[in-house]
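The values are calculated or read from the model by the stated rules, or taken from the named source; none is laboratory data. Treat the numbers as computed from the prediction; the structure is a model and nothing was measured. Cβ placement follows ideal geometry from the backbone for every residue including glycine, while neighbour counts extend to all protein chains displayed.
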Amino acid sequence: MTDEAVPFTADEVCRAIGARVRELRQSMGLTMEKFAELAGLSIGMLSKIEHGQTQPSIGTLTAIAHATEVPLTSFFRGLDEEHDAVIVRAGHGLTIEHVGGNPGRLYQDLGSLRGPVREIEPVLVTITEPDEVFPLFQHPGVEMIHVLQGSLEYGYGSKRYRLDPGDTMQIRGEVAHGPTALLELPIRFLSLKVQAAGGSVG
């Protein structure tokens, strides 16, 4: 069985927009009269929008967005959230091929949410064979490493740290980092690269 996007009716969209507008107005502590004045709308129009009884134009939504200082897309929150989950079943992560990669190392991409940038990059790393070649990595953002199995020495800049099962490490991606010694095989750890909004994970 495959997951398919469920289309929304116009009424559902109007109700979602109305609920969001009302939530924003109330969070600002404004009456409908004050908020309508701020957004340049009539009270009647604002009431219809909040109750999902009309389809506001893009111009009207833009005016409300300026008044509340939120992105235009925020009015559609609640429509796509429950349809934007990404599930990667056990053993089905997309294999990442690194140039010059060595045998005994498996990198599995665990997926990401749709969007203009990739804010989180989850990768499951499995190392099963001893190796003396340890490439170091650098990338924007921050990274969290959580060891699931085995033990390794992890380099971060000029420092070296021993990581055992259950250990978690957080680092700045711009600083050269990566495994520097394999102490107990097999090794499995989860790597989460996180990029601030507006950037991209490399």
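Brief remarks follow.
- Restricted to strands (runs of 3 or more DSSP E) entirely inside the range 145-197, those with at least 3 residues that are surrounded by 15 or more Cβ atoms within 10 Å (Cβ to Cβ) and in contact (Cβ under 8 Å) with a residue 60 or more places away in the chain are 177-194.
One line per residue, one yes/no per condition, for (1) in the same structural domain as I187 (by TED's automatic domain parsing); (2) at pLDDT 90 or above; (3) assigned to a loop (DSSP other than H, G, I, E, B); (4) surrounded by 10 or more Cβ atoms within 10 Å (Cβ to Cβ):
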| residue | (1), (2), (3), (4) |
| --- | --- |
| R15 | no, no, no, yes |
| G18 | no, no, no, yes |
| V21 | no, yes, no, yes |
| A36 | no, yes, no, yes |
| T62 | no, yes, no, yes |
| V70 | no, no, yes, yes |
| S74 | no, no, no, yes |
| G78 | no, no, yes, yes |
| V99 | yes, no, yes, no |
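- The lone exception for E119 - which of (1) at pLDDT 75 or above; (2) not assigned by TED's automatic domain parsing to the domain that holds G141 it fails: (2)
- Yes/no for D131 being in contact with a strand residue (DSSP E or B) (Cβ under 7 Å, 6 or more places away or on another chain) and more than 23 Å from T95 (Cα to Cα): no
- Annotation: of all residues in the range 142-201 being over 24 Å from T128 (Cα atoms) and hydroxyl-bearing (S, T, Y), the one that is nearest to the chain's Cα centre (by Cα) is S200.
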